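Have a look at the structure below, then the notes.
The values are calculated or read from the model by the stated rules, or taken from the named source; none is laboratory data. Fair warning: this is a prediction, and the values are worked out from it, not measured in the lab. Quick note on the areas: whole protein, heavy atoms, side chains included, nothing else; ligands and nucleic acids left out. Shrake-Rupley method; radii C 1.70, N 1.55, O 1.52, S 1.80 Å.
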Amino acid sequence: MKTASISISLASLILSGKALVGSEWSVTNVPSTGLKDITFPLTIVEADHISGYYFAQQYAFINSGIGYTGLQPRPDANGKPVLHGVFSSFIDGSTTTDKNCAPGADGGPGVSCSVEWNGVYGRRYDFEVKSNGSSVWTGTAIDTVTGARIHIGSYTVPASAGGHPEFSSRIR
Ligand SMILES: *[C@@H]1O[C@H](CO)[C@@H](O)[C@H](O)[C@H]1NC(C)=O
């Protein structure tokens with residue numbers, strides 16, 4: 001079995017419609033059926049404790065659309081920091097029954113899931129995006145200090161999304 005590896009080009013900074021700054025990366029040696037899970041480590045070392053910023057990873061499903069997962073600062077509540085975890089699909093026909101999720105993504109088709117918790121700035125959270133083996137995908141933030149698994153949400157992508165609703169090898 002081949003081992004997939006990730007290459008990140010920090011030189012290729014892109015300015016897209018909504019992103020302030022970004023870097024493009026891709027995974028090599030991915031089987032033609034794609035990946036069934038991927039984990040993105042994310043640490044907000046320091047940020048204003050306000051809404052408005054989204055530290056996100058974008059991924060693409062084979063022959064269909066994209067999704068995002070990541071972390072947003074929020075104002076402190078009761079003197080404690082609050083982090084907002086996001087997991088979304090921009091694929092038309094995505095569905096959900098998860099209480100953390102709602103139809104629509106940025107005003108278009110898809111599903112958006114989110115959860116808030118008293119997160120810790122400077123702590124690494126691993127954002128896991130995982131398939132149940134078919135079309136159901138679950139987003140989880142894993143606290144790398146306590147090991148706690150924070151459920152962000154779960155959605156189903158249409159079977160028409162390539163038949164194999166797995167990640168493409170080309171992600172930007
Ligand atoms: C994934 O979950 C869906 C919905 O519960 C189910 O229909 C499907 O069989 C599951 N897939 C696998 C491989 O377990």
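Results, tabulated for the structure shown:
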| read-out | value |
| --- | --- |
| Surface per residue (accessible, 1.4 Å probe) for region 58-165, Å² | 43 Å² |
| Extent along principal axes [Cα atoms of region 68-108; Å; largest to smallest] | 40, 18, 15 |
